[in-house]
Structures are given as C-alpha cells and as structure tokens.
Amino acid sequence: MRQVDEALTALAHATGLACPPGCGACCANDKPRVSVNDVMPLAASLVARGLGESMLARAAADPAGICIAYAGDAVHGRCTEYALRPALCRLFGFAAVRDKHGQTALAACRVHKRTDPDAVARAQRAAAEGRVLVFSDVQRTFDGLGRPELAEPLPINEALANALERALLQADYAALEARSALAPVAPAAANDDDEDPREPEGSGPRPRLPPLAA
C-alpha cells in the first residue's frame, strides 16, 4: 500500500491534481464495490481497537448502503478510517482504466473536472503516457496477496461485514489459545507404589489402607 500512496502523491505533485478540502462527494454519492481482501486490514484494526462488534452491526444493517466509515453529508465529510481505506478508495480520481486496445485514460472525478480542469488535463496526459496507476493492475496485485475466494467485488459494507466476521473469529481463536497456554497443568496421578515426595528420602512406600468390610 505504501508504494501505491507514493505513486499517487507523485502524480498529485506533478499535475496539481487534488481533492477540494473537506470534499465528501465520492463517499456520499457512490457505493463502491471492493473485495473482502481489500478490507481485511481495516477489519483487523477495528477488532484490535474493540470496535469490531459495533461496526459489524452497522455494516450488516446496511450492506448495500453508504460506507459506514464515512462521516459527513453529501457535500462535506471525511473518511474515519482514511489510513486503512481500501485500494479503490485510494485510487478514485487518481488512476486510469485500460481500453481493449491497451490504451490508458484517466478515470477523472467529476468534482475534479469542475474545480480544476487544468490539473485534470495534465493528469490525463500523464495517463495517456502510461505514468498513472491502472485500477485493474493494482487490484490484481492486492488480490494476489490475499485469498482467491475473497477477491470478488462486493458492496463495501457487505465486504466489511464479511471481513469483520472473519477477524472477530480469528480474535476469538487467538484468545482461546492464549487462555489454554496459561491454564495450569494438573499434576499427574500418583502411583500407590511411589514414594510420597513430602516424606524423607528412604522412608519407603506409603502403607496401604485395609479394604473396607463388605
């Protein structure tokens, strides 16, 4: 993910392409589809911070809705989990698509087009020259790092709910293993012929009790 962020930062510096301060149009108006692999790091972080159950409840309650990590309205807002946002969210407005002839073109954001058309034009030239990340290439790389069966694009809340269920289950297993490792080991049953370790050495075997009367 660091390499993706570095490439996007370089594009922004070279072209001047940038999101307007406080803009939340893409999150408030669009419902991205991402893979479970994409949101597993976010799910693991939420569970580690004790937010797994509450966020799972929210995601499961609105699986096809606006991303539950978005806080704001249709004009202004912010991602509450910006550092761990999935690849698609990072790339939106700053990446290219490839046509059937292999040519790349910037998938420009409509807000960028309206607020800074000159920056968009510079980014479009960079995309045509192959100097912009391509959505499908980045997605294929990340899916290759995860589990193949978790690579299917889903509505973002549905994908996050799936990832949270897995992360919570893993946390439960880890906690169970930790408790098992700390549990005291019961002493082995003593053999009647063994010497009592509390008795002085050489004191001989403990006397046997007489059998109970019938």
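Annotations
- A simple count of charges around residue 7, restricted to other residues whose Cβ falls under 15 Å of its Cβ and scoring Lys, Arg +1 and Asp, Glu -1, yields -1.
- Largest GNM mean-square fluctuation across 175, 60, 71, computed for the chain with C-alpha springs under 10 Å, falls on 175.
- Dipole of the chain, positive end: most advanced residue of 18, 157, 44 [Cβ charges, Cα centre]: 18
- Cα-centre dipole for region 1-106 with unit charges at Cβ (Lys and Arg positive, Asp and Glu negative), debye to 20: 140
- Each Lys and Arg Cβ is given +1 and each Asp and Glu Cβ -1; about its Cα centre, the chain then shows a dipole of about 1520 debye.
- Within the chain, helices built from complete DSSP H runs that reach 27 Å or longer along their own axis (Cα positions) and carry a mean Kyte-Doolittle hydropathy of -0.5 or higher are 156-182.
- Packing, as the average of other Cβ atoms within 10 Å across residues, places the peptides 135-145, 34-44, 120-130 in the order 34-44, 120-130, 135-145, highest first.
- The packing ranking, built from the mean of other Cβ atoms within 10 Å per residue, places the peptides 10-17, 176-183, 159-166, 98-105 in the order 159-166, 10-17, 98-105, 176-183, highest first.
- Residue 35 long-range amide H proximity, modeled H, under 5 Å: 154
- Read-out percent of Cα pairs over 31 Å apart, derived from the coordinates shown; its label in (1) 41; (2) 35; (3) 12: (1)
Rule-based calculations on the coordinates, nothing more; no lab input. Here the structure is a predicted model, which means the values were calculated and not measured. Please note: Cβ atoms are built from the backbone with ideal geometry, for glycine as well, and neighbour counts cover all protein chains shown.
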